[in-house]
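Written out below as structure tokens is the structure these notes cover.
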Amino acid sequence: MRRSRSEKKVFVIVGMPGAGKSLASQVAKRMKIPVFVSGDVIRSEALRRGLSPNKKNLGQVMVHIRRTDGMGAVARRLVPLIEQSAGMTLVYEGARSMEEVEELARHYNVSIIAIHASPETRYRRLLKRKERDKRELKVGVGRIISLADRMVENEESIPTLERRMRRVLKTLA
């Protein structure tokens, strides 16, 4: 990924629903790396608009802000939060488009880490959550995954994912 003039390093964790992005981010948190989540930015925007932060509203807000403010809109809202962080290494979980990654790369050194699990594994994990891949692919997450600097396989146990993620974060930091 492109390098910026900033000394801060941002690891962008991406993956399809159910791949294990949140688990990967938890590893970073335990390593004392600040974590920013796209969903938090979307929830904040929904509340600012007076909407209840339910799945339907959050999905609509996610699509709407990207449609009206461009595909890098969430990342632009994230930059001031990253600037306020004392951390020099940070994680952004849940980018949905290359424009978000490119926006962050204008300000920071960026590496993409894709968390991968097969469709069958993700389906089993998502049965209760009923999430949909279609919306995620529509906004562009597939392109980010295909351009990842590192791919972390998540077909096995949680401790295996945690071990792999720690190794990747230490290698890239």
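Annotation: the residues ILE113, ILE33, ILE158, sorted from fewest to most other C-beta atoms within 10 Å of their own C-beta, follow the order ILE158, ILE33, ILE113. Screening the chain for whole DSSP H helices of 24 Å or more along their axis (Cα) with average Kyte-Doolittle hydropathy at least 0.0 returns none. Here the Karplus relation 6.51 cos²θ - 1.76 cosθ + 1.60, evaluated at θ = phi - 60°, turns the backbone of segment 7-20 into coupling constants of 7, 6, 10, 10, 8, 9, 9, 10, x, 6, x, x, 6, x Hz, with x for every Gly and Pro.
Would you please classify the overall shape of the chain from the alpha carbon gyration tensor, given that a ≥ b ≥ c denote the square roots of the eigenvalues, rounded means a/c under 1.5, and beyond that prolate means a/b larger than b/c while oblate covers the rest? Verdict is oblate for the chain.
Near VAL37, the amide H atoms lying under 5 Å from its own belong to GLU93; only residues 5 or more places off or on other chains count, and H is placed 1.01 Å from N.
Under a Gaussian network description of the chain, with springs only between Cα atoms under 10 Å, the residue in ARG76, ARG124, ARG96 that fluctuates furthest is ARG124. Most simply put, the chain has about 0% antiparallel DSSP beta bridges, counting only bridges with both residues inside it.
Taking 0.36 nm per residue of separation and subtracting the Cα-Cα distance, full extension of the segment from ILE158 to ASP40 would add 40.1 nm.
Read-outs throughout are calculated quantities, based only on the coordinates presented, and are distinct from any laboratory measurement. From a predicted model like this one, the values you see are computed outputs, not experimental measurements. Quick reminder, even Gly has a Cβ in these numbers, built from the backbone with ideal geometry, and neighbours come from all protein chains shown.
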